[in-house]
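First the structure, in the form of structure tokens, and then the observations on it.
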Amino acid sequence: MREKSIFKMNGFAALIIALLCIGFGIFLIATGTIPEKITGGFVIIIGLIVATSLTIVQPNEAKVLTFFGTYLGVIRDQGLWATIPFTFKRSVSLRVTNFNSERLKVNDQEGNPIEIAAVVVYKVNDAAKALYDVENYDKFIQIQSETGLRHIASRYAYDSFDHPDNPLTLRQNSDEVADVLMYDLQKRLDVAGVDVIEARIMHLAYSSEIASAMLQRQQAQAVLSARKVIVDGAVGLVKAAIDQLAEQEIVELDEEKKAQMVNNLMVAIVSEKGTQPIINTGSIY
């Protein structure tokens with residue numbers, strides 16, 4: 001089923017014709033002879049037939065027309081229009097619509113139970129497909145959006161604890177995951193004549209039964225990452241200090257003294273607590 005245009009004409013002209021026919025027919029029936037009254041009845045019928053062709057199309061709305069079960073076409077232009085008489089007309093909104101999914105409990109790529117929800121922004125681009133290719137396009141969009149969200153959530157890990165080289169995670173790469181989700185939903189909703197404008201995760205959390213343990217894991221991971229940065233910086237500072245002492249020939253240190261100096265500097269820099277210096281007034285040997 002594809003959307004196509006249908007014959008239409010100015011509805012105000014058709015409305016005037018219908019009113020004139022009905023009014024003239026009533027006048028003939030009220031004042032004329034029997035043949036004129038019969039003619040007046042036919043004129044009224046013609047006016048009523050013309051009136052059945054009238055339809056009002058609101059802004060950002062489409063009217064889908066069928067004639068005794070046969071799909072004829074769609075009117076998208078707003079205003080009062082006259083089209084084929086005796087057609088059945090159904091309205092389809094073309095406005096941009098938001099759908100907020102329920103919080104779904106799914107397993108991520110690593111099998112961890114998580115809670116996830118998304119917001120989907122969409123609009124109907126083919127009114128005929130929305131009405132006749134699916135049973136109820138609003139319900140279809142809801143079910144397919146939640147199905148697509150479950151599918152995407154199972155493809156990626158919540159976070160990259162065990163696989164730091166994992167290119168995408170749900171928590172750290174929300175924009176990239178949103179693009180993948182949008183592409184997946186568009187393929188699912190094409191059959192309903194719907195354009196997905198945006199799809200984005202609006203809620204993401206570990207399930208309640210593992211949330212506490214995973215929070216501790218995140219904190220430990222953060223501490224390890226911070227420690228690595230501190231150690232890398234400390235090594236650079238110690239190396240720069242030894243190189244500068246040797247370059248400026250301030251003091252000559254053998255390998256044992258270099259190792260002792262490195263040890264002292266690393267302890268002073270990396271330690272979380274303040275260190276107490278010891279002043280050596282004698283020989284370092």
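Looking only at the range 1-39, count how many residues are under 13 Å from TRP81 (Cβ atoms), of a type in the set (S, T, N, Q) and surrounded by 14 or more Cβ atoms within 10 Å (Cβ to Cβ).
Here the count works out to 0.
Restricting to the range 40-58, name every residue that is farther than 16 Å from LYS89 by Cα and open to solvent by 70 Å² or more (accessible area, probe 1.4 Å).
PHE42, ILE45, ILE46, LEU48 - these are the residues of the range 40-58 that are farther than 16 Å from LYS89 by Cα and open to solvent by 70 Å² or more (accessible area, probe 1.4 Å).
Counting only residues that are under 30 Å from TYR132 (Cα atoms) and either of a type in the set (Lys, Arg) or in a loop (DSSP other than H, G, I, E, B) (or both), how many does the range 24-55 have?
1
Scan the range 61-73 for residues that are of a type outside the set (Ser, Thr, Tyr), open to solvent by 10 Å² or more (accessible area, probe 1.4 Å) and part of a strand (DSSP E or B) and report the count.
Number satisfying all stated conditions: 4.
From (1) open to solvent by less than 40 Å² (accessible area, probe 1.4 Å); (2) modelled with pLDDT under 85, pick out the condition that doesn't hold for LEU189.
Result: LEU189 passes all but (2).
Yes or no, residue by residue, for (1) assigned to a helix (DSSP H, G or I); (2) in contact (Cβ under 8 Å) with a residue 24 or more places away in the chain; (3) farther than 30 Å from ALA178 by Cα:
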{"position": "ARG2", "(1), (2), (3)": "no, yes, no"}
{"position": "ILE22", "(1), (2), (3)": "yes, yes, yes"}
{"position": "LEU80", "(1), (2), (3)": "no, yes, yes"}
{"position": "ILE114", "(1), (2), (3)": "no, yes, no"}
{"position": "ALA117", "(1), (2), (3)": "no, yes, no"}
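Here is a check on your reading of the model: is HIS163 modelled with pLDDT of 90 or more, open to solvent by 40 Å² or more (accessible area, probe 1.4 Å) and not in a strand (DSSP E or B)?
The answer is no for HIS163.
The values are calculated or read from the model by the stated rules, or taken from the named source; none is laboratory data. Source: prediction; values computed, not measured. In this analysis, Cβ positions are derived from the backbone assuming ideal geometry, glycine residues included, and neighbour counts consider all displayed protein chains. Please note that ligands, DNA and RNA were not included when accessible areas were found on the heavy atoms of the full protein model with its side chains. Shrake-Rupley method; radii C 1.70, N 1.55, O 1.52, S 1.80 Å.
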